[in-house]
Amino acid sequence: QVQLVESGGGLVQAGGSLRLSCAASGRTFSWYAMAWFRQAPGKEREFVAAINWNGGNAFYTDSVKGRFTISRDNAKSTVYLQMNGLKPEDTAVYHCAQASGAYYSAGVRYEYWGQGTQVTVSS
């Protein structure tokens, strides 16, 4: 059974930065694309960013482009989300997810999800 454990969330002022981490265990991490999603109260879960198995390509929702950076360290079985220039609208629970294949696409399935880490951005 794959486990994904997020960390790094917290409370930050608008304009600040946080770095989220997601540590994976249970199956070969390096074979799979990874993604970050977020969900705010009353809203549907939103795709934030994804990265292919080897880190060669990254993908972002428009609202975070230029501010967030997804990366991965396969040797550590960890994916990161560096969040800069945070806005109150970024407040949400952030979840990492492991895809069913090596490459991200809009229709890719996610087989495993982390428990989430809360990010709160004050104005």
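Quickly run through segment 51-74 and pick out the residues that are of a type in the set (A, V, I, L, M, F, W, C) and either open to solvent by 20 Å² or more (accessible area, probe 1.4 Å) or in a loop (DSSP other than H, G, I, E, B) (or both). Trp53, Ala58, Phe59 - these are the residues of segment 51-74 that are of a type in the set (A, V, I, L, M, F, W, C) and either open to solvent by 20 Å² or more (accessible area, probe 1.4 Å) or in a loop (DSSP other than H, G, I, E, B) (or both). Taking residues in segment 98-123 that are in a loop (DSSP other than H, G, I, E, B), and partners anywhere that are among the acidic types (Asp, Glu), the pairs with Cβ atoms closer than 9 Å and at least 6 places apart or on different chains are Ser100/Glu111; Gly114/Glu6; Gln115/Glu6; Gly116/Glu6. In segment 1-50, of all residues being within 15 Å of the chain's Cα centre (by Cα) and hydroxyl-bearing (Ser, Thr, Tyr), the one that is surrounded by the most Cβ atoms within 10 Å (Cβ to Cβ) corresponds to Tyr32. Taken over segment 75-92, the criterion of being among the acidic types (Asp, Glu) and surrounded by fewer than 17 Cβ atoms within 10 Å (Cβ to Cβ) is satisfied by Glu89 alone.
The values are calculated or read from the model by the stated rules, or taken from the named source; none is laboratory data. These figures come from a predicted structure and were not determined experimentally. When we count neighbours, we look across all protein chains shown, and the Cβ atoms used for this are built from the backbone with ideal geometry, even at glycine. When the accessible area is computed, the model is the full protein with side chains, heavy atoms only, and any ligands, DNA or RNA have been set aside. Shrake-Rupley method; radii C 1.70, N 1.55, O 1.52, S 1.80 Å.
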